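So the structure is just underneath, and the comments pick up after that.
The values are calculated or read from the model by the stated rules, or taken from the named source; none is laboratory data. The structure displayed is predicted, hence computed values, not measured ones. Here Cβ is always computed from backbone atoms with ideal geometry, including for glycine, and neighbour counts include all displayed protein chains. The protein model used for the area step is the full one, side chains on, heavy atoms only, and it has no ligands, DNA or RNA in it. Shrake-Rupley method; radii C 1.70, N 1.55, O 1.52, S 1.80 Å.
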Amino acid sequence: MSGDNRPIGIFDSGIGGLTVLHAVGELLPAENLVYLGDTARVPYGTKSRETVIRYAMEDARFLLSKNVKAVVVACNSAAATSMETLRAKFDVPVIGVIEAGVEQAMNVSAQGKIGVIGTYATIGSGRYETLIRERGAVSVISQACPLFVPLAEEGWTDNGIAMDTAQIYLRPFMDGAVDSLILGCTHYPLLEKTIGAVCGESVTLVNSAKAVAMRLKETLTAGNLLCVSGEGKRAYYVTDSPERAHAVGSRFLGEEMGDNLQLVDLMEFAE
Ligand code: DGL
């Protein structure tokens with residue numbers, strides 16, 4: 001029996017969410033995955049809450065047009081602002097990176113002193129802080145690190161500039177201020193080595209890509225939606241510059257994207 005072989009939809013503002021697709025593919029190799037990167041409108045992290053919600057709705061509508069059985073919001077900026085609206089409007093499970101990342105941070109944190117880094121939209125929403133405090137953390141420190149996004153896109157993840165930038169942004173987390181740090185942006189796992197070197201061994205980094213994959217598996221299992229013997233097919237869509245997405249995407253994905261990448265116009269998915 002093959003279970004439910006409808007694909008899982010995953011979206012991000014750009015190609016950073018491919019780190020999430022990679023983690024989902026590792027954990028659930030039989031599942032067919034459809035990825036949408038809204039490369040025409042990236043970054044979401046500097047836009048207003050209303051605009052990000054509107055974009056997230058269009059992204060989800062596009063994925064639902066591909067008959068997905070679940071939607072993964074692989075963009076922290078969208079997850080920080082749009083989860084309630086998405087869940088209210090669509091009747092498939094909607095899984096977001098933030099809830100999953102918080103759960104994992106609480107599990108790995110020895111002293112309950114949690115740090116969060118993300119975009120302006122994510123940190124400004126206060127969503128991480130609220131959820132972390134609700135879970136009974138001792139302290140939460142958050143910091144927007146907007147320059148990490150272009151550094152990751154450019155592949156400047158472990159040179160001197162990345163190191164200097166990390167040293168400035170990560171100062172609030174030094175000297176025992178936190179015991180775990182959530183990488184609250186889908187681009188940041190690419191800088192994991194540099195961030196880890198700056199924070200030191202006493203700080204456990206939480207990669208929400210892996211956490212969301214685990215949360216997705218639990219949700220699919222509970223809803224009897226797992227595909228047990230599928231082919232693990234991939235389809236990638238972007239809203240601009242597929243050539244660039246192809247070149248940079250393999251870095252995020254950790255493997256070649258192949259020729260399954262197509263350009264899409266989201267105009268028809270606007271309300
Ligand atoms: N992928 C986005 C996030 O996780 C970062 C890029 C953006 O600002 O859109 O927040």
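Total residues in segment 128-145 satisfying the condition of being within 16 Å of LEU170 (Cβ to Cβ) and open to solvent by 40 Å² or more (accessible area, probe 1.4 Å): the figure is 2.
A quick yes/no check of all residues on (1) hydrophobic (A, V, I, L, M, F, W, C); (2) more than 11 Å from the ligand (Cβ to nearest atom); (3) at pLDDT 95 or above:
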position: THR19; (1), (2), (3): no, no, no
position: LEU28; (1), (2), (3): yes, yes, yes
position: LEU33; (1), (2), (3): yes, yes, yes
position: MET57; (1), (2), (3): yes, yes, yes
position: LYS66; (1), (2), (3): no, yes, yes
position: ALA79; (1), (2), (3): yes, no, yes
position: ILE95; (1), (2), (3): yes, yes, yes
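Are any residues in segment 213-252 of a type in the set (A, V, I, L, M, F, W, C), free of Cβ contacts under 8 Å to residues at least 24 places away in the same chain and farther than 22 Å from CYS75 by Cβ, and if so, which ones? Within segment 213-252, ALA222 is the sole residue that qualifies. The residues of segment 79-115 that are closer than 14 Å to TYR128 by Cβ and touching a helix residue (DSSP H, G or I) at 6+ places or on another chain (Cβ under 6 Å), listed by number, are ALA79, ALA80, THR81, GLY96, VAL97, ILE98, ALA100, GLY101, VAL102, GLN104, ILE114, GLY115. Taking segment 204-214 as the range and being surrounded by fewer than 21 Cβ atoms within 10 Å (Cβ to Cβ) and either at pLDDT 95 or above or among the aliphatic types (A, V, I, L, M) (or both) as the test, the residues that pass are THR204, LEU205, MET214.
Might you let me know whether segment 79-101 holds any residue that is touching an Asp or Glu at 6+ places or on another chain (Cβ under 6 Å) and either touching a residue at least 24 places away in the same chain (Cβ under 8 Å) or open to solvent by less than 10 Å² (accessible area, probe 1.4 Å) (or both)?
No, segment 79-101 has no match at all.
Consider LEU190 carefully, then state whether it is farther than 19 Å from MET106 by Cβ, in a loop (DSSP other than H, G, I, E, B) and open to solvent by 20 Å² or more (accessible area, probe 1.4 Å). It is false that LEU190 is farther than 19 Å from MET106 by Cβ, in a loop (DSSP other than H, G, I, E, B) and open to solvent by 20 Å² or more (accessible area, probe 1.4 Å).
PHE148 meets each of the listed conditions (1) within 15 Å of the ligand (Cβ to nearest atom); (2) open to solvent by 70 Å² or more (accessible area, probe 1.4 Å) apart from (2). Filtered by the rule that a residue be open to solvent by less than 60 Å² (accessible area, probe 1.4 Å), within 17 Å of GLY232 (Cα to Cα) and assigned to a loop (DSSP other than H, G, I, E, B), segment 255-264 gives MET257, GLY258.
Scan segment 35-55 residue by residue and report those that are of a type in the set (Ser, Thr, Tyr), assigned to a loop (DSSP other than H, G, I, E, B) and either away from the ligand (no atom under 15 Å from the Cβ) or more than 15 Å from the chain's Cα centre (by Cα) (or both). Hits for segment 35-55 are THR46, SER48.
Just one of (1) assigned to a helix (DSSP H, G or I); (2) within 16 Å of the ligand (Cβ to nearest atom); (3) more than 18 Å from THR122 (Cβ to Cβ) fails for ARG61. It is (2).
Taken across segment 105-117, residues that are of a type outside the set (Gly, Ala, Ser), open to solvent by 10 Å² or more (accessible area, probe 1.4 Å) and within 16 Å of the ligand (Cβ to nearest atom) do not occur at all.
THR39 meets each of the listed conditions (1) open to solvent by 10 Å² or more (accessible area, probe 1.4 Å); (2) among the β-branched types (Val, Ile, Thr); (3) farther than 20 Å from PHE148 by Cα apart from (3).
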